[in-house]
Amino acid sequence: MSEPSNTDTSAETTGAAASAGDPDPSSSAGTPRRILITGANRSLGREAARQLIEAGHTVWIGARDAERGEAAAADLGGHFVQIDVTDDASVAAARDTIAAAGGLDVLVNNAGVLGSTDPVAETTADDLREVYETNVFGVVRVSQAFLPLLAESEAPVVVNVSSGMGSLGRTTDPERIESTIVGLPYPSSKAALNMVTSQYAKAYPGMRINAVDPGYTATDFNGHSGPQSVEEGAEIIVRAAQFGPDGPTGAYLDREGTLPW
């Protein structure tokens, strides 16, 4: 996550998820993959793209702003595709572009917004709706569009970038910084995203579909207040994007392993 930030589908999945912090056969890091990252023109998305390109993968830099997206792709050595996750036509056009270029192995749903940080008593339903449009509905919109394309891959992967703020376990643990932050739109959107991830994983057992928490990372999202670097934050995104067919699915992961839902 970029602010103070399980039911697995089988016993086998639980074991794999628990060891996700270790290099193991679940990773296919050495196999070139075709990857789309939404919101990849800056911060965690851009850094994840940089690391994955450096690892030898073909990465599509997804961004709403064409100028910024094209600049990021040129700088990183990736491929730009314009995509607004809140717009059906934009998502369909991005899918068609990537399909025509050869297909996709990995979808990283990274695009997200913070939304209103007003006190709970002043937060409206419209405040939540605005955040959900990107953080939840946008993920569903993009996933639904790309799942048929991913189904053609030999090792399809979906990574949903969540947050520790979406964890009921962490936000109610007085020892965790997440428990000190009170708000409705962003935390509830990430909790919803975690459930979306779990349900997709059960519906598509042949894919590796996981939610990841990058941790409290210094990014534009939080005014660079996080204690860890963007390189550290992107690590779990990069690792999960490279899971092979034996990797975990239906899991909620950070750099250290599994998180409490």
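Every read-out reported here was derived from the displayed coordinates using simple, explicitly stated rules and does not represent laboratory data. For clarity, every value in this text was computed on a predicted model and none was experimentally measured.
Miscellaneous remarks
- Largest first and in whole Å, the equivalent-ellipsoid semi-axes of the stretch 132-175 read 29, 14, 5, each the square root of five times a Cα gyration tensor eigenvalue.
- The value of relative contact order for the stretch 109-261, using C-alpha pairs under 8 Å at least six residues apart, is 25 percent.
- When the Cα convex hull of the stretch 126-261 is projected onto planes of every orientation, the mean area is 8.4 nm².
- Ellipticity estimate at 222 nm from DSSP helix runs (n ≥ 4, -39,500 (n - 2.57)) divided over the chain, nearest 500: -12000 deg cm²/dmol
- The stretch 153-189 and the stretch 53-85 have Cα centres lying 26 Å from one another.
- Take every pair of alpha-carbon atoms less than 8 Å apart whose residues are at least six positions apart; their mean separation over the length of the stretch 49-112 yields a relative contact order of 23 percent.
- Here the 3J(HN,Hα) profile of the stretch 60-71, calculated from phi with Karplus coefficients 6.51, -1.76 and 1.60 at θ = phi - 60°, is 8, 8, x, 7, 6, 7, 4, 5, 5, x, 5, 5 Hz, Gly and Pro shown as x.
- Translational diffusion coefficient (Stokes-Einstein; Kirkwood radius from C-alpha pairs) of the stretch 64-161 at 37 °C, 0.692 mPa s, in µm²/s: 221
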